[in-house]
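*Asks:* The structure is given below, and queries will be raised subsequently.
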Amino acid sequence: MKFNNLNIFIFVAILITLLTSCTAERELAREFVKTKKSIPVLLLTTNRLILTNDKLKKIPNYDSLNVLTQDSIWLAKTLYLDSVSDVRFIHMFYSKLKTELQFYGFIVYEQDSLQSFNALESTKYTLNLAQVEMSEDDYNYRDQEVFFNSLVYYQDNTLNAVNLNFWFEFSSSGFKNEKLFYTTFSVNDKLESRFLLDNSTNKVSYQFKITPIVLNEIYQLSEYAAVKSSNYFYNYLMNSYVKENMPSNAGIPKYFSYDRYTGFLFNNENDSFIELNSK
């Protein structure tokens with residue numbers, strides 16, 4: 001009986017500790033949202049959009065082919081890269097990112113206000129869009145369904161995809177503690193399909209429709225990527241604040257994501273940059 005009571009006591013103590021820790025984490029995150037306003041951020045960007053056709057990597061000995069042959073294959077295999085305006089793409093992403101950061105309460109400085117930014121003595125951050133890549137690829141998608149309890153009918157479809165990859169350099173006051181962040185977004189051909197069973201003949205047919213990616217979807221994806229990137233940046237600062245202010249014996253805190261539209265905090269580690277390295 002004493003053993004059982006001891007177990008119950010230990011369980012309750014652990015539960016209280018966990019609940020207290022979770023409450024402390026959320027309170028610190030909420031404290032950051034309420035108090036960390038008007039933080040200066042220097043926003044910089046590259047003007048270059050790197051174009052990569054990953055379909056060419058699947059062609060045997062492509063790199064050893066002569067330039068004319070490579071150019072011909074590029075034209076035949078490239079659907080979107082040559083149609084995107086790098087100036088428009090970078091401008092749309094940068095402008096949307098700047099606007100979103102301002103919505104989060106940051107005071108955004110740009111390249112032409114670098115001198116004013118450097119003169120600030122308060123806590124400040126630099127976020128540099130160091131590299132942007134747009135890649136094009138295709139992949140096999142297998143559609144399948146089971147009929148007659150055990151027979152698997154399938155159909156392979158080749159779908160196109162466009163991936164947008166972003167690398168950010170981040171540093172805090174005095175350009176110390178520089179970090180490199182990465183994030184990626186994609187858009188694909190849309191497949192509508194179904195298997196049909198003809199009960200009179202027991203034959204299965206397949207109907208499908210592929211709606212290709214259109215150019216405007218790529219530009220829309222760039223703006224969506226900017227919205228998400230601003231959220232990832234805010235989440236990084238907020239969770240860093242939580243981690244720095246949690247008691248040393250509290251363990252690893254949960255990762256919060258802040259929804260500026262609703263004001264809610266969510267436990268979501270997916271709403272974050274991938275940190276590649278620290279310098």
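*Asks:* Among the residues of the stretch 123-138 satisfying the criterion of being farther than 30 Å from residue 213 by Cβ and out of contact with any Asp or Glu (no Cβ under 8 Å at 6 or more places or on another chain), which is surrounded by the fewest Cβ atoms within 10 Å (Cβ to Cβ)?
*Replies:* 123
*Asks:* Next question. Does residue 120 meet the test of being surrounded by 13 or more Cβ atoms within 10 Å (Cβ to Cβ) and either in contact with a strand residue (DSSP E or B) (Cβ under 7 Å, 6 or more places away or on another chain) or modelled with pLDDT of 95 or more (or both)? Show your work before the answer.
*Replies:* Numbers: surrounded by 13 or more Cβ atoms within 10 Å (Cβ to Cβ): yes; either in contact with a strand residue (DSSP E or B) (Cβ under 7 Å, 6 or more places away or on another chain) or modelled with pLDDT of 95 or more (or both): yes.
Yes, satisfied.
*Asks:* Is it the case that some residue within the stretch 93-104 is at pLDDT below 95 and out of contact with any Pro (no Cβ under 9 Å at 6 or more places or on another chain)?
*Replies:* Checked against the condition, which is being at pLDDT below 95 and out of contact with any Pro (no Cβ under 9 Å at 6 or more places or on another chain), the stretch 93-104 yields no hits at all.
*Asks:* So, restricting to strands (runs of 3 or more DSSP E) that lie completely within the stretch 183-279, which ones have at least 1 residues that are open to solvent by 30 Å² or more (accessible area, probe 1.4 Å) and under 30 Å from residue 103 (Cα atoms)?
*Replies:* 256-258, 265-267, 274-278
*Asks:* Related question: Contact list please: Cβ distance under 6 Å, first residue in the stretch 63-78 and assigned to a helix (DSSP H, G or I), second residue open to solvent by less than 60 Å² (accessible area, probe 1.4 Å), pairs at least six apart or on different chains.
*Replies:* 77/55
*Asks:* Further question: For residue 228, only one of the following conditions fails: (1) at pLDDT 95 or above; (2) farther than 20 Å from residue 33 by Cβ; (3) among the basic types (Lys, Arg). What is its number?
*Replies:* That leaves (2) as the condition not met.
*Asks:* Within the stretch 71-94, track down each residue that is open to solvent by 40 Å² or more (accessible area, probe 1.4 Å) and either closer than 30 Å to residue 36 by Cβ or not acidic (Asp, Glu) (or both).
*Replies:* Matches in the stretch 71-94: 72, 74, 75, 76, 77, 79, 83, 85, 87, 88, 91.
*Asks:* Now for a separate question. Look at residue 204 and say whether it is more than 30 Å from residue 42 (Cα to Cα) and of a type outside the set (Ser, Thr, Tyr).
*Replies:* Numbers: more than 30 Å from residue 42 (Cα to Cα): yes; of a type outside the set (Ser, Thr, Tyr): yes.
So residue 204 passes the test.
*Asks:* Would you pick out the residues in the stretch 236-279 that are without any contact (Cβ under 8 Å) to a residue 60 or more places away in the chain, among the hydrophobic types (A, V, I, L, M, F, W, C) and more than 24 Å from residue 180 (Cβ to Cβ)?
*Replies:* 264, 266
*Asks:* So, one more: If you check 141, 153, 109, which single one turns out to be at pLDDT 95 or above and open to solvent by less than 50 Å² (accessible area, probe 1.4 Å)?
*Replies:* Of 141, 153, 109, the one residue that is at pLDDT 95 or above and open to solvent by less than 50 Å² (accessible area, probe 1.4 Å) is 109.
The values are calculated or read from the model by the stated rules, or taken from the named source; none is laboratory data. Note that the structure is predicted; figures quoted are calculated from it, not measured. Glycine also receives a Cβ, built like all others from the backbone with ideal geometry; neighbour counts cover every protein chain displayed. The accessibility values were calculated without ligands, DNA or RNA, using every heavy atom of the protein model including side chains. Shrake-Rupley method; radii C 1.70, N 1.55, O 1.52, S 1.80 Å.
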